[in-house]
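Taking it in order: structure first as structure tokens, then the write-up.
The values are calculated or read from the model by the stated rules, or taken from the named source; none is laboratory data. This is a predicted model, so every value here is computed, not measured. Cβ coordinates were reconstructed from backbone atoms using ideal geometry, including for glycine residues, and neighbour counts include every protein chain displayed. Remember, those area values only see protein heavy atoms, side chains included, never the ligands or the DNA or RNA. Shrake-Rupley method; radii C 1.70, N 1.55, O 1.52, S 1.80 Å.
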Amino acid sequence: MIQPNIPETKQPRIVIVGGGFGGVNLAKQLKHVPVQVVLLDRNNYHLFQPLLYQVSTAGLEPDSIAFPLRGIFKKQKNLVFRMAEVTGLRSEENILETGIGEIHYDYLVFATGSNTNFFGNKNIEENAIGMKSLIEAVQIRNYVVKQFEESLLLQNPEEIKPKLNFVMVGGGPTGVELAGAFAELRKYIMPKDYPTLPQSLMNVYLIEAGPKLLASFSEKTSQKTLQALQDIGVRVLTNTGVKEYDGKTVTLSTGEQIQTQSLLWSAGVKGIPVTGIPADIVLPNGRILVNELNEVKGFTNIYAIGDIAQMTNDPRFPKGYPMVAQVAIQQGKNVANNIRLSLEHKPTKGFNYKDLGSMATIGRNRAVAEIAGIRLSGYLAWMVWMVVHLMSLLGFRNKLVVFINWFYRYFTYERGTRIIIKRGAANIVKLRQSVNG
Ligand SMILES: Cc1cc2nc3c(=O)[nH]c(=O)nc-3n(C[C@H](O)[C@H](O)[C@H](O)COP(=O)(O)OP(=O)(O)OC[C@H]3O[C@@H](n4cnc5c(N)ncnc54)[C@H](O)[C@@H]3O)c2cc1C
């Protein structure tokens, strides 16, 4: 019979669900605390989601943005990792239900991140493509390359266009980065690999429901982003929502229709809390309500951090912190510190978010950044973006591989991974459903 086989201990057991930005930083911070740390994740790797879009547009290999969790913690003696899907919570017994059996905890931390939010539109959910996991990013790459290969077999431009119209929904950093990367595929790769396909048949759209791109950035930065995207041929439609999508035609709130077989959805994310968390503390966006210590409302030994947690006591962010890596990292460290302090019977400290700034890349030599009140754009912002992302990647090998890849691409205008890995590359929707369970 399968069981977790976690060594018994007299030390307090801290169970962390999720080896993403929050979970990993929390676990690392507990290295010298006299506790047993049990880290659970459905995958055996930490995923650097900010670079997923480069995997999906054939810029990077998937394993260069994922790092094995066992590798991260190989020297941390007080940590046990188990690859497991967490399915439920029985808080009255301090028991977590998982695919490998039940696990007892003294302290429990949910760091389970978020998933794509289709805002209840079932048709869009069934037919659009989300990008939250590594497998989805690889499938998008397969799918996109396949669209080009299949276009070569057609003669009627009206049949080719839906294959080469790529529509991104959501004008946040992910949508902007994806749109920029697709525009670069058209400019640099299409003429090399598919010289008989006229570039005019490929169109990249970016649809944003709000009045501007990068809503959390300044008006000036947003304008610069719009201009940069338009310069590389992206058709940006703001104040425009997506009403329907049936896998062939997207209908916009303006009444306009675009024929496309590829609608990439990055218009929102939501939390997916495990069964057993009281429904009254789960908000409509799936996030769990926590206090300033990241304690789940009503509990003193259960925490939630990062994307899954909604903390509303900071007047700068009355609707909760943005779902970004820095929030998860800082909350993970603070909770670890507080667990240590409470074990030492010392007063704990409320979370104090240090906003380190935001950035988005648009393409070659083009990015925008707002750091400590300083606005950067163009080449300098692009360099800063690259350095920050390289430094943030886990593992020397991954840093080196990504650096070499970028260096090579910069001088050759190449994208190295334009291969289709089958099986079932055509059925991206089915795959997404199986990945999301
Ligand atoms: C495409 C994309 C681009 C992004 N770009 C940026 C960016 O440029 N800058 C930025 O700051 N942020 C960016 N983000 C957001 C950032 O990645 C998240 O805010 C961050 O990952 C949140 O960290 P987390 O620890 O809360 O969750 P995650 O990092 O998502 O980790 C959650 C972990 O929990 C595991 N898990 C979930 N449920 C279960 C379960 N039931 N059982 C077991 N394991 C489970 C998952 O496998 C995962 O490893 C981006 C996100 C995406 C999707």
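Before moving on, here are some points about what is shown:
- Scanning the stretch 366-410 for residues being away from the ligand (no atom under 14 Å from the Cβ), open to solvent by less than 50 Å² (accessible area, probe 1.4 Å) and part of a loop (DSSP other than H, G, I, E, B) gives a total of 1.
A quick yes/no check of all residues on (1) part of a loop (DSSP other than H, G, I, E, B); (2) under 24 Å from the mean Cα position of the chain (by Cα); (3) away from the ligand (no atom under 16 Å from the Cβ):
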position	(1), (2), (3)
178	no, yes, no
205	no, yes, yes
210	yes, yes, yes
263	no, yes, no
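- Qualifying positions in the stretch 74-100 - outside any strand (DSSP E or B) and within 12 Å of the ligand (Cβ to nearest atom): 84, 85, 99, 100
- Residue count, the stretch 28-56 (criterion: hydrophobic (A, V, I, L, M, F, W, C) and within 11 Å of the ligand (Cβ to nearest atom)): 7
- Contacts under 6 angstrom Cβ, first residue in the stretch 299-312 being closer than 12 Å to residue 17 by Cβ, partner near the ligand (Cβ under 9 Å from one of its atoms) and open to solvent by 30 Å² or more (accessible area, probe 1.4 Å), 6 or more apart: 308/112
- Odd one out for residue 151 among (1) free of Cβ contacts under 8 Å to residues at least 60 places away in the same chain; (2) among the polar types (S, T, N, Q); (3) open to solvent by 20 Å² or more (accessible area, probe 1.4 Å): (3)
- Residue check, residue 245 open to solvent by 40 Å² or more (accessible area, probe 1.4 Å) and of a type in the set (Ser, Thr, Tyr): no
- Any strands (runs of 3 or more DSSP E) falling wholly within the stretch 101-173 and containing at least 2 residues that are within 14 Å of the ligand (Cβ to nearest atom) and hydrophobic (A, V, I, L, M, F, W, C): 107-110, 165-169
- Residue pairs whose Cβ atoms lie under 6 Å apart, separated by 6 or more positions or on different chains, with the first residue in the stretch 394-423 and within 21 Å of residue 364 (Cβ to Cβ) and the second open to solvent by 40 Å² or more (accessible area, probe 1.4 Å) and not in a helix (DSSP H, G or I), are 417/61.
- Test result for residue 225, among the hydroxyl-bearing types (Ser, Thr, Tyr), modelled with pLDDT of 95 or more, within 23 Å of residue 369 (Cβ to Cβ) and open to solvent by 20 Å² or more (accessible area, probe 1.4 Å): no
- Filtered by the rule that a residue be within 15 Å of the ligand (Cβ to nearest atom) and surrounded by 24 or more Cβ atoms within 10 Å (Cβ to Cβ), the stretch 1-27 gives 15, 16, 17, 18, 19, 20, 21, 22, 23, 24, 26, 27.
- Condition check for residue 170: open to solvent by less than 10 Å² (accessible area, probe 1.4 Å), of a type outside the set (Phe, Trp, Tyr), under 15 Å from the mean Cα position of the chain (by Cα) and modelled with pLDDT of 95 or more: yes
- Scanning the stretch 49-100 for residues that are open to solvent by 50 Å² or more (accessible area, probe 1.4 Å), closer than 23 Å to residue 116 by Cβ and more than 17 Å from the chain's Cα centre (by Cα) gives 83, 85, 87, 99.
- Residue within the stretch 139-147 that is among the basic types (Lys, Arg), surrounded by 19 or more Cβ atoms within 10 Å (Cβ to Cβ) and over 30 Å from residue 293 (Cβ atoms) present: yes
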